[in-house]
Amino acid sequence: MTGGSGGIGAAICRRLGLAGYFVYVHAHRGTQAAAAIVGEIVTAGGRAAAVQFDLTDSAATRTSVERLLEDGPVQVLVNNAGIHDDAAFPGMSPEQWHRVIDLSLNGFYNVTQPLLLPMIRTRWGRIVNLSSVSALLGNRGQVNYAAAKGALNAATKALSLEVASRGITVNAVAPGIISSGMGDAAFDAAAIAAIVPMKRAGTAEEVAALVAYLASEEAAYITGQVISINGGMI
């Protein structure tokens, strides 16, 4: 679970822990939060461990992934790590562009590629990529974020075709406005009521429930999909 220390990531980790998975809670800088989530999962009777590496560093990511693989193949991968660095495009710096693309898109490659062949050998796996409604509708000030998540949607569809015959599904989940920390400051209640037909923000737990379903055996015939969870925005 990459980006497991944030609001949505933490909710997904807890949900998967309750479902009986051994959860590797990844963080780069949020190591204390990741350790706390591991503690919650273990206290609830689950199994988990925290892992720390920089997803934008391909060599460090590969080294860390190979260390995890010493204990066996990773069967479920949730690519959740991502950041906002918003600005109107004419004023967007090269650093803002590359920083967002690097984590969401290159980070996906850096962690998924070395995990894939061991997963293929078992002929069972689940890959769930966290996208965004911004990739589907666009959003002012988020050309970099929309581009990164849009590319992730395309990668989801292409990769699903490569591994469908090997018992591996690849899907993306595209949340809308979710009360989880990242989007809370951007929208007040009136703005949410104007944008979202359901007149409320979603919860991290609702996103986690969808991810857990896609990671389960029950979702074996769902692959190559970008599934929106946004209260009717699109």
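The residues listed here are Val78, Val65, Val23; of these, the one that is touching a helix residue (DSSP H, G or I) at 6+ places or on another chain (Cβ under 8 Å), surrounded by fewer than 23 Cβ atoms within 10 Å (Cβ to Cβ) and within 20 Å of Thr122 (Cβ to Cβ) is Val65. Residues that are small (Gly, Ala, Ser), buried (at least 18 other Cβ atoms within 10 Å of the Cβ) and touching a strand residue (DSSP E or B) at 6+ places or on another chain (Cβ under 6 Å) within the range 28-54 comprise Ala34, Ala48, Ala50, listed in sequence order. Reported count of residues in the range 91-135, each being more than 26 Å from Met233 (Cβ to Cβ) and among the aliphatic types (A, V, I, L, M), is 6.
Restricted to the range 120-170, and to residues there that are crowded, with 19+ Cβ neighbours inside 10 Å and of a type in the set (Ser, Thr, Tyr), the residue that is farthest from Val100 (Cα to Cα) is Thr169. Looking across Ala209, Ala219, Ala191, one residue alone is surrounded by fewer than 20 Cβ atoms within 10 Å (Cβ to Cβ) and over 30 Å from Val74 (Cα atoms). It is Ala191.
The numbers here are math on the coordinates, done by the rules we state, and not lab data. Here the structure is a predicted model, which is why all the values come from computation and not from measurement. Please note: Cβ atoms are built from the backbone with ideal geometry, for glycine as well, and neighbour counts cover all protein chains shown.
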